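Each reported figure results from applying straightforward, stated rules to the coordinates on display, with no laboratory input. Keep in mind the model is a prediction, meaning the values are calculated, not measured. Note that each Cβ is placed from the backbone with ideal geometry, even for glycine, and that neighbours are counted across all protein chains shown.
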Amino acid sequence: MTNSLPKLRSKFSIVAVLVFTGTVAIVSFALQGGDVTPSKAEKPRAIARTTAYIDKQTIKTDLLEALLRQQGQETSIDEMNSVTLNNMVDKLIDIWLLSQAAEAGGLDEETDLQNDIALRRIILMANAQLDQYMEHVPVTEAQLQKAYDQQIQSMKVTEYKARHILLKSKEDAEKVISELKEDSSNFSQTAEQYSTGPSAKSGGDLGWFGLDRMVPEFSKAVSEMEVGHYSEHPVKTAYGWHVILLEDQREMKPPTFETMRPQLLNQIQQRQVNEYIQSLRDLRDIRVITPESSS
């Protein structure tokens with residue numbers, strides 16, 4: 001028997017949960033029973049908070065609001081148009097009827113389903129606690145700025161603009177280098193004439209690239225060259241023999257703080273959550289029973 005749990009409301013969900021997109025989106029709701037005719041003292045409030053009656057059971061509006069949260073709806077009931085609201089009420093009624101049919105058939109007594117319900121409660125409580133914890137330890141601008149500065153520092157990458165002439169043999173490459181020594185101003189024309197690579201049509205132009213985009217031998221040669229110079233010795237890679245001209249180099253422009261803000265916020269929050277969970281672990285005596293340890 002396979003049961004799917006509803007989507008959890010917290011963005012710090014501990015367990016990834018599958019969500020049905022059809023009519024049956026939620027497997028279980030706690031419904032409050034009672035007579036269809038509330039007492040006079042309770043009548044105004046009961047009617048205001050009642051979504052539907054089914055036989056002698058009432059479906060409270062609180063459950064409809066819970067369904068909206070589970071579905072990720074940001075619009076409140078008061079802001080919904082009648083068509084959308086009616087559709088959500090119909091979905092809640094369908095879920096309620098299926099739940100009642102399950103109980104009538106004794107499914108609520110099955111161990112797997114009881115475990116699923118128990119696990120869902122634990123997950124919801126855990127996520128509610130994480131939400132409350134994060135409200136008390138909000139991420140500050142100083143934390144975001146520090147994280148940004150650290151990441152930008154590690155992102156400092158030099159980009160290179162180069163041309164190359166790809167040849168099949170070392171002898172061919174050395175011959176091209178000899179010609180360039182006589183006149184290196186025609187590197188592009190020489191690449192068009194001799195290069196066997198796909199960039200020959202554009203005069204060997206490779207555009208701007210980071211060293212991580214090239215094979216190690218090529219990257220090493222480029223990183224050791226001076227702008228405006230070509231390689232005086234052929235560079236061997238798995239593709240053949242290269243003669244390289246380094247035309248220019250520059251520091252790659254890092255992303256802005258605002259661009260990285262969502263990513264930084266998520267990283268810091270996740271770290272805080274991990275530290276909080278670890279602090280809870282540190283306060284408890286936790287022993288994991290494995291097949292090896294129990295034998």
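With Cβ to Cβ distances under 13 Å as the rule, what net charge do the other residues near residue 278 carry (K, R +1; D, E -1)?
Details: positive: 271, 281, 284; negative: 275, 282.
Around residue 278, the surrounding residues sum to +1.
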FRET efficiency estimate (nearest 0.05) - Cβ-Cβ, residue 152 to residue 183, R0 41 angstrom: 0.45
Packing rank of 207-220, 70-83, where each peptide gets the mean count of other beta carbons within 10 Å, highest leading: 207-220, 70-83
Could you tell me which residue out of 216, 227, 176 lies farthest along the dipole of region 165-295 toward its positive end? Charges go on the beta carbon: Lys and Arg +1, Asp and Glu -1, centred on the Cα centre. 216
Give the residues of region 222-258 whose amide nitrogen is closer than 16 Å to a point set 7 Å from the Cα of residue 193 in the direction of its Cβ. 243
Would you mind pulling out the separation of the Cα centroids of region 86-121 and region 249-273, in Å? 43 Å
On the formula 1/(1 + (r/R0)^6), with r taken between the Cβ atoms of residue 211 and residue 75 and R0 of 45 Å, the FRET efficiency rounded to 0.05 is 0.35
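If you take every residue apart from residue 91 with its C-beta less than 14 Å away from the C-beta of residue 91, what net charge results, scoring Lys and Arg +1 and Asp and Glu -1?
So the surrounding residues net to -2.
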With Cβ to Cβ distances under 15 Å as the rule, what net charge do the other residues near residue 80 carry (K, R +1; D, E -1)? -3
Would you work out the charge dipole size for region 172-295 about its Cα centre, treating the Cβ of every Lys and Arg as +1 and the Cβ of every Asp and Glu as -1, and quote it to the nearest 20 debye? 820 debye
